[in-house]
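These notes are about the structure you will find just below.
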Amino acid sequence: MTLFAVACAVIYPLFHTGRPWLAVYWLLPYPNTMGMWPNFRSPLIWDVFAVSTYGSVSLLFWYIGLIPDLGTLRDKAKNLWQKRIYGTLSMGWRGSARHWHNYEQAYLLLAGLSTPLVLSVHSVVSFDFASGQIPGWHTTIFPPYFVAGAVFAGFAMVITLALPLRRLFGLQDFITDKHLDNMSKVMLVTGLIVAYGYLMEAFTSWYSGNIFETYVMKNRLEGPYRWLYYSLLVCNVLAVQPLWFRRVRYSPLAIWAISMFVNVGMWLERFVIIPMSLHRDFLPSSWDMYYPTAWDFSTFFGTIGLFLALMFLFIRVFPAIAIFEMRTLTPEAKVKEPAH
Amino acid sequence: MHAETRAPELHGLLAEYRSAQELLDATRRAHAEGFRAMDAYTPYPVEEIAEVVCDHHRSRVPLVCLIGGVVGALSGWALVWWTSSIAYPLNIGGKPYNSWPAFIPVIFECTILFAAFSAGIGMLALNRLPEPYHPVFNVGSFRERGSREGYFLCIEAGDERFDRTRTREFLTATGALEVHEVEA
Amino acid sequence: MSVADPPRHPVVPRDPPVLAPGHTAASVTDKISSVVFGKMPVWFYAGMAVAFGGVMMLLLSLTKLVFTGIGICCCSGRSGGRRSTASRRR
């Protein structure tokens, strides 16, 4: 999910440069004939490093995690070409205890490295906005706000994808009520952090005494896009509140519906941050309205199509759940110390 | 490859067990008996078995990861410092050329990138993977059951204490369901 | 719900298991790999067709936007080229 989302997302910065073929040496530090190097103090370059590190480390983590399961698929495949392809990808994995010894360490390290990586990547992405001067952007709440928002949207997307798969492929034994409960709790907690972010933005707008900051909030509450802002509050703040109740947390349909609200809500949040802060900034004479064109809709739904197509391919070709990790949870996996 | 001691094409003896507990007990007994050139095969990681087989040595992957991280941090710092101070200095907002606080995000990302790749690729290298051929795949029972539900212990012919008949008797005595000969 | 879901208990369990009881390493393997090796249901092909349509739409939009944005002729929009500037320069 992460990898496919990054693949979809990376299309946009590339095309937004306007001249993508030049974006290579504007963004990537490589020795070129002009002797030019990027400006490493710029959040745009930090973003390039952060997102490419995130993409490559996620790819590595994903592939390393798949190796034992690719070995399983190689052994289960009946078709010769399937056997060859899975065999090549699994690198000859045979389940050797010596290999598991190193493997477990590497897997743990990758997981441990990925956590601060997620925190840093979303903070760096937030710097793209926070380092600008536009009122509504230039605020220190952004790094924690974006990280919490990312985890929030991420869990909502996992729920949106996992619950239908669970139902359609009969995976209730592996994605149990416990997982639903835990996912709902994380969604609730991060939703509350995001709600705190909204509260702080509102408070700072008033407390700063800065007319431009104050106007941002007024525009959100009374301006032409106010219905989008109210929808945002309903979707991100109100819609997750039922998750306080255990009955709701154990109902797959309820959780899925809430996750769809959150998906819409997070899209609205990005709309509130970007077009709503940009369309009315410092100088009233440059105020205008943003209306999407047919191309905006087509690239948006096309990107969703790309993401879904990749997900469909993935579930058909690779195991959707880590088989070897599930095996460690079976009763036969418990070993005990010998009585000396 | 190990030097063959008895029959010319024997890699070792592969014993099959019913559960992880039986395999663990057998591995411990084999270790106590003095066998060192051996390996256990499980469909999922069992820490206790891995510790016995690796003779309680710690994995070297964390060290490789640390070295990778340090190299990454130094490389990242070298990249930003050299380009910003020497190769292509830019006056951005009057900041000094060696504006290290502004360089932190890039250096941090380089550290994580190098550390992660060192851990991943280091693990593969330490495991000597990719290894498309291994003698143990010659055993039909291993091919069918190995990755799904099989618990195997292989004592290699290269071990000093290996003896075709006596080792086979020893393995049977530990409770093996079956003992296979592994062609090299 | 439907037949596919396990029966709902009237009282919500306090601490449900992480893996449903009664599984072995073999059954876990078979169940999860059945998604990869089993027969694909019809809805999968329908979903894949829709998603693929989306990909084509994205490709088309991006191609059109890049070509008109750059001003490459033969793709409508404000096409540049010799003729348009030459005829304006009078």
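Please treat every number below as a calculation from the coordinates, not as lab data. Note that this is a predicted model, so its numbers are computed, not measured. Glycine gets a Cβ as well: all are built from the backbone with ideal geometry, and neighbour counts include every protein chain shown.
From the phi of every residue in the range A:117-132, what ³J(HN,Hα) in whole Hz does the Karplus formula 6.51 cos²θ - 1.76 cosθ + 1.60 yield, where θ is phi - 60° and glycine or proline is x?
With the stated coefficients, the range A:117-132 comes to 5, 4, 4, 5, 4, 6, 5, 5, 4, 5, 5, 3, 8, 5, 7, x Hz.
Under a 5 Å amide H to amide H cut-off, with H placed in plane at 1.01 Å, what residues pair with B:G12 once short-range neighbours are removed?
Under 5 Å from the amide H of B:G12: B:A157, B:V182.
So if I restrict to the alpha-carbon atoms in the range A:1-131, what is the Rg, and what is Dmax, the biggest pairwise distance, in Å?
Cα radius of gyration and Dmax of the range A:1-131 are 19.3, 56 Å respectively.
Once phi is turned into ³J(HN,Hα) by the Karplus curve 6.51 cos²θ - 1.76 cosθ + 1.60 with θ = phi - 60°, what whole-Hz value does each residue of the range C:40-52 show in order, with x for glycine and proline?
7, x, 4, 4, 5, 5, 4, x, 5, 5, 4, 4, 5
I need the fraction of alpha carbon pairs in the range A:103-262 separated by more than 29 Å, rounded to a whole percent.
31
Skipping prolines and chain starts, which residues have an amide H placed within reach, meaning under 5 Å, of the one on B:E178, given they are 5 or more residues away or on another chain?
Counting only residues 5 or more places away or on other chains, the set is B:E16.
What's the FRET efficiency of A:L313 with C:T68 using the Cβ-Cβ distance as r and R₀ = 41 Å, to the nearest 0.05?
After rounding, the FRET efficiency stands at 0.85.
Hull surface divided by four, with the convex hull built on the Cα atoms of the protein assembly as shown: how many nm²?
Result: a mean projected hull area of 37.1 nm².
Once the convex hull of the C-alpha atoms of chain A is built, how many Å³ does it hold per residue, rounded to a whole number?
Hull volume over Cα atoms, normalised by residue count, gives 219 Å³.
Show me, for the range A:201-206, the HN-Hα J-couplings you get by feeding each phi into the Karplus relation (A = 6.51, B = -1.76, C = 1.60, θ = phi - 60°), rounded to Hz, glycine and proline as x.
Values, residue by residue: 4, 5, 4, 4, 4, 7 Hz.
Express in % the proportion of alpha carbon pairs of the range A:258-340 at distances exceeding 22 Å.
Considering the range A:258-340, 61 percent of its Cα-Cα pairs are separated by more than 22 Å.
Could you give the angle, 0 to 90 degrees to the nearest 10, between helix A:294-317's Cα long axis and the longest principal axis of the Cα atoms of chain A?
Around 10 degrees separate the two axes.
Could you pull out every residue, at least 5 positions away or on a different chain, whose amide H is within less than 5 Å of the one on B:E131? Hs are placed 1.01 Å off N in the peptide plane, and Pro or chain starts have none.
The answer is A:G92.
Sum -39500 (n - 2.57) across every DSSP H segment of at least 4 residues in the protein assembly as shown, then divide by the residue count to get the 222 nm mean residue ellipticity, nearest 500.
Using -39500 (n - 2.57) per qualifying helix, the result is -20000 deg cm²/dmol.
Using the scaling law 2.2 N^0.38 Å as the reference, what is the normalised Cα Rg of chain B?
Compared with the compact-globule rule of thumb, chain B sits at 1.55.
Can you tell me which lysines have their Cα less than 23 Å from the Cα of A:K78? Leave out same-chain residues fewer than eight positions away.
C:K31, C:K39
In terms of the ratio Rg/(2.2 N^0.38 Å) built on C-alpha atoms, what value belongs to the range B:61-126?
1.34
Identify, among A:A50, A:G35, A:C8, the residue whose Cα sits farthest towards the positive end of the charge dipole of the range A:1-131, taking +1 on the Cβ of Lys and Arg and -1 on the Cβ of Asp and Glu, with the dipole about the Cα centre.
A:C8
So, R0 is 22 Å and r is the distance between the beta-carbons of B:R166 and B:A32; what FRET efficiency does that work out to, to 0.05?
0.90
Hey, what did chain A get for relative contact order, percent, Cα under 8 Å, at least 6 apart?
Relative contact order for chain A comes out at 17 percent.
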